[in-house]
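What follows draws every value from the coordinates through simple rules; no lab data is involved. It should be emphasised that the depicted structure is a prediction, and the values quoted were computed from it without experimental measurement. Neighbour counts are summed over all protein chains in view; Cβ atoms, including those assigned to glycine, are modelled from backbone coordinates with ideal geometry.
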Amino acid sequence: MRRLARRLAAGLGLTVLGWLTAGAVLDAWVARTELPPLAPAMSETVTARDGTLLRAYTVGDGTWRLPAGPAEVDPGYIAQLLAWEDRRFARHDGVDWLALLRAAAQALRHGRIVSGGSTLTMQVARLIEHGAPGSLPAKLRQIRVALALEQRLGKDEILALYLARAPFGGNVEGVRAAALSWFGHEPARLSPAEAALLVALPQSPETRRPDRFPEAARIARNRVLERAAARGLIDARTLEGARAAPVPRARIPFPMLAPHLADRLRSGDGARHETTLDAGLQARLERLVSARARALGPGLSAAMIVADHRSGEVLAEVGSADYLDTARRGFVDMTRAPRSPGSLLKPLIYGLAFETGIAHPETLIEDRPMRFGAWEPQNFDHAFHGTVSLRRALQMSLNIPAVALLDAVGPARLMARLRRAGARPVLPDTAGPPGLAIGLGGLGMSLHDLATLYAGIAHGGVPMRLSALPGQGGDAAGPRLLSAPAAWQVGDVLAGVAPPPAAAPRRVAYKTGTSYGSRDAWAIGFDGAHVIAVWIGRADAAAVPGALGASEAAPLLFDAFGRLAPRATPLPPPPGPVLTLANAGLPPPLRRFRPRGAALAAAPGPEIAWPPDGARIPLAAGPAAALTIRVRDGRPPYTWLVDGRPLPSMPFDRAARWTPAGPGFVSISVIDASGAATRARVRLEAAAPAGLSATCSGPLRPVTCGN
């Protein structure tokens, strides 16, 4: 007995030793396994402030492969995946030996492979090595790699590799790319039917593609659902509803919001770029800008920036009307293109005048012909408005007062403040210093720079950095853009500009601008929280006849404010002691602004534009008998005389209404501010009989009838 016991003990020891030796050999064999790179190339992504995907890029081989860990995927999908693919995933060491034995027995019994017996870890091994699934050498290699993966990685890391690498048809890999491609949303929330389809697809991704083989996809999905029900993951009612759910019949395009910003951020290394953009607002404004550009006509584009001027965070950035529209050159990012800003620098000019104490919003100034050296600027309407307050001059965007103020504060100071604001103005290619023309748009600035400038004014004169990157926006270091009182005064003046026709009433401080030749139409405004900048024009810098900031860009600006918030955030109260008086209460030096370097221009004498001298004019009956008489050139105010008697009129208008007493000869005279006068003698004739058309003629040439 003792001898038998010793033999049994020796045999058991040899068996244990054999198992230990085999285990050590196996461990050493597994430890020597060389693994391919585990981290696959991932699609580079750009996300909004809440993590919403704005845009993604394919990897080098054209595959969509977006990162998503187990915590970012619906738990119901994970549960169905493990129930279908690998119930003992949490317990095995990479190989489910029981499942392999069962698969081998079934193959011997049926003469064909009935089940594969592969674990999720083995499937990951096949995916990372791009191996074929069927051959025996391939299966042995998968076993070795699976054992090595389990030695070196945790279960969550292995599951994450599957979630990133599993094929879902076409060029879609990974559960996140699949959820976006087939369902149009992130995998964090999946219905039971959606989860089951994503479980079924990787087994045969091409023959079960829903867009090509919807019935095969439906059958495979329902088998997964039935097993989920059998395992108790879903109840009978949920199973019934999920089986009846349709499968998607087409792939959904990946999001492409803020494409120009995404292109600027793209680094090519598969990084995830987080931004401060609001995805919902971005989508609404892209639709708004695109619709407005289409309504304006072919070839036109538009751009917009929305930012919180309290934090410097950019909330939306639309670079063009349509990124893919080549006819509009949608690929050009018009938020960064330097263009002539038109009148948009006038608020800063006025702010500098307020800050230096040479002017006040209620200071009076002359809007008359003036010459600055050899330059004689003209107003946009080619008219002169006489004595106006600076408040009114800025609200009307008069050119001559703005140039007079810039002449007083100096173009160099304006340029310095623009750079202090964070802008990078582009001057014409000249050797000399900047001249007064920069105040009327004679330089280049981008929409982003202009938005930054207005954000500084809105922020109480403190320069702001506007950025779409978290933590990059905010107060800029350095001296102020404007003093707090001057910045408030500018905002108060601009808040008095009437909203465009049909716009929702809201108190927004805003300014419009139109560049020379109507190449650029601008509108920038702010309330107590946000600044919005709008540009409309052609990306190729061609002229757009009739396009004005007030008529095209301003309505878009107010529509954007309406999509941002239902009501405006109130503008701030005056910052401490600010001189808020009528003109009569101002100190004498501030009551009237006197240009320093300007001289009254020798304007041409007045000329009666209508009616011409010697004209014969048929009279109409009733209210139509009133005639409009017009003057060109000269300097307002004007005095009109008919046969020596003064005619009631608006002295600074170039037209007046006059109702003749009856037929006969009359003498019309006009005298301008310099005393120059001109005269026209015309003959008024009785109205033509009914049915006959009246004609107007003169001794030298026919003239057009009418007023």
Anchor Lys346: lysines whose Cα lies under 16 Å away (excluding residues fewer than 8 positions away in-chain): Lys511
Cα-Cα separations in the stretch 33-244 greater than 32 Å, expressed as whole percent: 16 percent
Amide H to amide H, which residues 5 or more places from Thr387 or on other chains are under 5 Å from it, using H placed in the peptide plane? Asp367
What percent of all Cα-Cα pairs in the stretch 603-685 falls in each 10 Å bin, counting up from 0? 19, 54, 24, 3
As an exercise, find the ratio Rg/Rh for the chain from alpha-carbon atoms, using the Kirkwood inverse-distance average for Rh. 1.22
For the stretch 346-591, the Cα-Cα pair-distance distribution in 5 Å bins from 0, as whole percents, is 1, 6, 13, 18, 21, 19, 14, 6, 2, 1, 0
Under 5 Å from the placed amide H of Thr678, counting only residues 5+ away or on other chains, we find Val670
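So if each residue of separation counts as 0.36 nm, and I subtract the Cα-Cα distance between Ala498 and Ala71, what length gain in nm does that give?
Separation in residues times 0.36 nm, less the Cα-Cα distance, equals 148.5 nm.
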Taking neighbour Cβ counts within 10 Å as the exposure measure, how do Tyr162, Tyr454, Tyr77 sort from fewest upward? Tyr162, Tyr77, Tyr454
Sequence-distant or interchain residues sharing an amide H contact under 5 Å with Ala495, placed H: which? Tyr510
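Suppose the chain between Ala625 and Thr639 were pulled fully straight at 0.36 nm per residue; how much longer would it get relative to their current alpha carbon spacing? Let's see the in-between values first.
Details: separation 14, 0.36 × 14 = 5.04 nm, distance 2.18 nm.
Between Ala625 and Thr639, full extension yields an extra 2.9 nm.
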Sorted by average packing, counted as other Cβ atoms within 10 angstrom per residue and highest first, what order do 484-493, 527-536, 266-275 take? 527-536, 484-493, 266-275
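Show me the ranking of peptides 78-84, 570-576 by mean Cβ neighbours inside 10 Å, starting with the highest.
Ranking the peptides 78-84, 570-576 by packing returns 78-84, 570-576.
Compare the peptides 605-615, 330-340 by average per-residue count of other Cβ atoms within 10 angstrom and give them in order, highest first.
Working: 605-615: 18.3, 330-340: 20.0.
Highest mean packing first, the order is 330-340, 605-615.
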